[in-house]
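First up is the structure itself, then whatever we jot down about it.
The values are calculated or read from the model by the stated rules, or taken from the named source; none is laboratory data. Nothing here was measured: the structure is a model prediction, and the numbers come from that model. With ideal geometry, Cβ positions are generated from the backbone for all residues, glycine too; neighbour counts draw on all protein chains shown.
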Amino acid sequence: MDIFRTKSVEQSIRDTEAPEHQLRKRLTATDLTVFGIGVIVGTGIFVLTGQVAKEVAGPAVAISFIIAGIVCGLAALCYAEFASTIPVAGSAYTFSFATLGEFPAWVIGWDLILELALAAAVVSVGWSGYFASMLASIGIPLPSAIAGEDPVVNVPAVLIVAILTAILIAGIKLSSRVNLILVITKIAVVLLVIIAGLFFIKAANYTPFIPEAVATPRVEGLRAPLFQVLFGIAPVAFGVIGIVSAAAIVFFAFIGFDIVATAAEETIRPQRDVPRGILGSLAICTLLYVAVSIVVVGMQRYSELSTAAPLSEAFTSVGHPWLATIISVGAIAGLTTVVLVLLLGQTRVLFAMCRDGLLPRPLAKVHPRFGTPARLTLVIGVVTMALAGFVSFGELAELVNIGTLFAFVVVSIGVIILRRTRPDLPRAFRAPLVPVLPILSVLACLYLMLNLPVQTWVRFLIWMLIGIVLYFVYGYRHSRKVMPESKTYS
């Protein structure tokens, strides 16, 4: 069994030209940057800022965001080189197929399913919470059976996924326009938080900037970071260890810039515009995260921050609840774009896998009118609706982090391999300092992975084992490289 057979870059590009599997090229660098901002600015800025400051890092949460941003930046440079060299849907899956082979590509594709589908469902549940809170504030409370802490069916979450699925089916340009309107709304709200919050900062709230490390039951047992377990470090929060642990958690806030790479096949000038979209969106969002985190811990003592809605509660604490309502509207707009782009990324990864035969090929058929993988988008939408409506997630969100970091590791390694195996390929964008930069990216991602809880690692390994079984039961047997009418892979 040649499970490590690679698919040439040239063949990957030729596959995009088949009429029944050809996506329409409609996106520009601006569209891609807005997509990136749309998916990155969401849960992290509206929720994680307060939660992590209160429980793990204290006022130094800004440093945690900077660490996570740097790690993402290293990986982003690797993604940018790949996306400009192989402008094909599928992102890390496609890159892995060209460098490591079919089986590693399947593993990373299965990993991306964990990242994107679970993240979309998690964020839609968060959207439901903000939506229900906003309705309650204007005197229209929703019944607890359909919204709230533990609903029977989370109806708002199901409805938002259904609406966004319909938009994605209707076309990539419509999706980008809806995304643009919502991104403008939430960026305006974020800037309002930063500017208005400056007038309520108290210097005393920054002291101590790095609280003394303390033992905490929050990170005991299977909840302890793997790094602390492996090296016998007592489970602690705050201090320098707390800052790094917090970076592994707020990493969730940066997830999404890699999704820009999944839209490369639908970009008019992918070699130029995809790197711009990836790096531009990441840079803008990192600045916003750091600014908001500095402001919010300056407005309210870190130990008193809300873990559910820290930004709105911070303004309520200083006597301006009307700003809290505006922030809730921004949060709803922000989380809507996150779900939209996560669903987009998921469909494009699975589209590439279906086109290669590792999953059912009929699902990769493009709609003749809309130019989108309508069947696949509908399937993913229904699955995500089921997850959002009936599953209680809690700490499962940390699985999204480990899945993303694993994808970053593979992509970083792939850049080194492709430089050695195909130095002749034209590269519109070249990551600097190869192989040093990709190696640093791998080490940084692995270190953050080690700072995730043991239970997250256990769940991740179980998920990957399920994927490996599925590959040998279905994927390997139906892959296009073993079909008699096709000998297209190198």
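Hey, does the stretch 257-267 have a residue that's surrounded by fewer than 24 Cβ atoms within 10 Å (Cβ to Cβ) and among the small types (Gly, Ala, Ser)? For the stretch 257-267, residues surrounded by fewer than 24 Cβ atoms within 10 Å (Cβ to Cβ) and among the small types (Gly, Ala, Ser): absent. Being closer than 24 Å to Ile3 by Cβ and of a type in the set (D, E, K, R) is a property that does not hold for Arg430. Restricting the stretch 70-90 to residues that are at pLDDT below 90 and small (Gly, Ala, Ser), the residue that is surrounded by the fewest Cβ atoms within 10 Å (Cβ to Cβ) is Ser84. Kindly indicate whether any position in the stretch 110-122 is of a type outside the set (A, V, I, L, M, F, W, C), assigned to a helix (DSSP H, G or I), under 20 Å from the mean Cα position of the chain (by Cα) and surrounded by fewer than 23 Cβ atoms within 10 Å (Cβ to Cβ). Within the stretch 110-122, not a single residue is of a type outside the set (A, V, I, L, M, F, W, C), assigned to a helix (DSSP H, G or I), under 20 Å from the mean Cα position of the chain (by Cα) and surrounded by fewer than 23 Cβ atoms within 10 Å (Cβ to Cβ). Residues that are on the phi > 0 side of the Ramachandran plot, crowded, with 24+ Cβ neighbours inside 10 Å and of a type outside the set (Phe, Trp, Tyr): does the stretch 289-310 have at least one? No, the conditions are met nowhere in the stretch 289-310. Of the candidates Thr325, Thr347, the single residue that is of a type outside the set (D, E, K, R), surrounded by fewer than 21 Cβ atoms within 10 Å (Cβ to Cβ) and either touching a residue at least 24 places away in the same chain (Cβ under 8 Å) or closer than 25 Å to Ala162 by Cα (or both) is Thr325.
Any idea which of Phe370, Phe351, Phe393 is at pLDDT 90 or above, in contact with a helix residue (DSSP H, G or I) (Cβ under 8 Å, 6 or more places away or on another chain) and among the aromatic types (Phe, Trp, Tyr)? Exactly one residue qualifies, and that residue is Phe351. Count of the stretch 181-233 residues, restricted to those that are within 19 Å of Ser64 (Cβ to Cβ), surrounded by 12 or more Cβ atoms within 10 Å (Cβ to Cβ) and hydroxyl-bearing (Ser, Thr, Tyr), is 2.
Just one of (1) surrounded by fewer than 17 Cβ atoms within 10 Å (Cβ to Cβ); (2) of a type outside the set (S, T, N, Q); (3) at pLDDT 90 or above fails for Glu102. It is (1). None of Val409, Val434 is in a helix (DSSP H, G or I) and aliphatic (A, V, I, L, M) except Val409. In the set (1) touching a Phe, Trp or Tyr at 6+ places or on another chain (Cβ under 8 Å); (2) small (Gly, Ala, Ser); (3) surrounded by 24 or more Cβ atoms within 10 Å (Cβ to Cβ), Ala248 fails one condition alone, (1). When Pro87 is tested against (1) over 28 Å from Ala331 (Cβ atoms); (2) part of a helix (DSSP H, G or I), just one condition goes unmet, and that condition is (2). Between Leu359, Leu448, Leu425, the distinction of being assigned to a helix (DSSP H, G or I) and touching a residue at least 40 places away in the same chain (Cβ under 8 Å) belongs to Leu448 only.
Of everything listed in (1) part of a helix (DSSP H, G or I); (2) in contact (Cβ under 8 Å) with a residue 60 or more places away in the chain, the single unmet condition for Gly256 is (1). Using the structure shown, decide if Val155 is among the hydrophobic types (A, V, I, L, M, F, W, C) and more than 28 Å from Leu27 (Cβ to Cβ). Against the criterion (among the hydrophobic types (A, V, I, L, M, F, W, C) and more than 28 Å from Leu27 (Cβ to Cβ)), Val155 qualifies. Among residues of the stretch 277-318 being of a type in the set (A, V, I, L, M, F, W, C) and outside any helix (DSSP H, G or I), the one that is farthest from Ala60 (Cα to Cα) is Val318.
If you filter the stretch 259-275 down to residues that are more than 18 Å from the chain's Cα centre (by Cα) and assigned to a helix (DSSP H, G or I), you find that the one that is farthest from Phe82 (Cα to Cα) is Glu266. Only residues that are farther than 24 Å from Ala62 by Cβ, charged (D, E, K, R) and part of a loop (DSSP other than H, G, I, E, B) were counted across the stretch 197-247, and they come to 1. Restricting attention to the stretch 369-380, does a residue exist that is over 20 Å from the mean Cα position of the chain (by Cα), crowded, with 24+ Cβ neighbours inside 10 Å and not in a helix (DSSP H, G or I)? Scanning the stretch 369-380, I find at least one residue that is over 20 Å from the mean Cα position of the chain (by Cα), crowded, with 24+ Cβ neighbours inside 10 Å and not in a helix (DSSP H, G or I), so the answer is yes.
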